[in-house]
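Have a look at the structure below, then the notes.
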């Protein structure tokens, strides 16, 4: 019943002008910002920690408000992905540096896309599938199974597939061996049994080492990817050059260096345009839980 209601809600909104849809989700974001003290505090704690308490109150407020709006807009993008054609999606996006992917494929190697929760990340994944290649994206199982079904159907609309995070290494290895692309988020909190310690935004935390491990062992290419916009209508998917993984006699050092390079890349884009990152997530919870104490 819940899924049918969600589909009905979607159908009604899609029939309305896009300006109304954007306005509707913007209004929801404003309500979320006003009513959710918990997540306003999380954003503040993240921003103060990441930027060493250097941001003004006005900057913190503006970025936090945008984080709420960006989250709701990603719901809008999913809804549109479920209903728009490939051509309509193509009109929204521009790909920068596709040559990086062409070079990897010319060498007969698989691509591992590393990416963050940044700007229109759902639209970015769909755009890559349409304009570059389908991706098998790793995701974490959601508590709300109705929303999860809706979400995964949207993500699969243009050829992408979904890999649940639990016991995902074997499926990822199979994909790499077959020369197929995968996508791994590198900005989610992980427990102390996972990943390696790196410096992110100048602060220590644990980050997944899976991309570096797979690239090193199976000669795949790590390609960083993110999406941004100037007007919330037209979007640019920016593909970075390959993050190389050394293959010396010290595999742990090689993996750590490549994982740190990914953290450096992400730190750079966040410092340049911090409003686009998802500040409502307790990214440092696993290694620095004290920053989230009231």
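If you take all C-alpha pairs in segment 101-193, what percent of them are over 19 Å apart? Walk me through the numbers on the way to the answer.
Values: 1834 of 4278 pairs.
The share of Cα pairs beyond 19 Å in segment 101-193 comes to 43 percent.
Among 174, 193, 11, determine the one that fluctuates most according to a GNM of the chain built with springs between C-alpha atoms less than 10 Å apart.
Result: 193 has the largest fluctuation of those listed.
What number in nm² do you get for the chain if you take the convex hull of its Cα atoms and divide its surface by four?
On the way: hull surface 62.8 nm².
If I average the Cα hull's projected area over directions, I get 15.7 nm².
Fewest first, what order do 129, 267 take by the number of other Cβ atoms within 10 Å?
Numbers: 129 24, 267 17.
Ranked by crowding around the Cβ, least crowded first: 267, 129.
How many angstrom lie between the C-alpha centres of segment 1-63 and segment 64-81?
For segment 1-63 versus segment 64-81, the Cα centre distance is 7 Å.
Subtract the Cα-Cα distance of residue 85 and residue 241 from 0.36 nm times their separation in residues, and report this length gain in nm to one decimal.
Numbers: separation 156, 0.36 × 156 = 56.16 nm, distance 2.95 nm.
So the chain would gain 53.2 nm between residue 85 and residue 241.
Over the chain, with a Gaussian network built from C-alpha contacts below 10 Å, which listed residue (16, 214, 47) shows the highest mean-square fluctuation?
16
Out of all DSSP beta bridges with both ends in the chain, state the antiparallel percent to the nearest 5. Mind showing how you got there, number by number?
Numbers: 12 of 31 bridges.
So the antiparallel bridges amount to about 40 percent of the total.
What's the percent breakdown of Cα-Cα distances in segment 1-93 across 5 Å bins, shortest bin first?
3, 12, 18, 18, 15, 12, 11, 8, 3, 0
Out of every Cα-Cα pair in segment 201-264, what percent are more than 17 Å apart?
48
Between residue 99 and residue 52, what length in nm is gained on full extension when 0.36 nm per residue of separation is reduced by their alpha carbon distance? Each step should come with its number before you reach the end.
Details: separation 47, 0.36 × 47 = 16.92 nm, distance 3.73 nm.
Here the segment from residue 99 to residue 52 would lengthen by 13.2 nm.
Could you let me know the centre-to-centre spacing of segment 187-219 and segment 222-283, using Cα atoms, in angstrom?
Their Cα centres are 12 Å away from one another.
Which residue fluctuates most in the GNM of the chain (Cα springs below 10 Å): 278, 51, 25?
Residue with maximal mean-square fluctuation among 278, 51, 25: 51.
For segment 125-253, place one equal point scatterer on every Cα, skip the solvent, and apply the Debye formula. What is log10 of I(q)/I(0) at q = 0.10, 0.16 Å⁻¹?
-0.38, -0.98
Tell me, in nm to one decimal, what length is gained between residue 248 and residue 133 on full extension, where the rule is 0.36 nm per residue of separation less the Cα-Cα distance? Mind dumping the intermediate values first?
Numbers: separation 115, 0.36 × 115 = 41.40 nm, distance 3.09 nm.
Stretched fully, the residue 248-residue 133 segment lengthens by 38.3 nm.
Only the coordinates and a few stated rules stand behind these numbers; no lab work does. Not measured: the values here are computed from a predicted model. Virtual Cβ from ideal backbone geometry, glycine too; neighbours counted across all protein chains shown.
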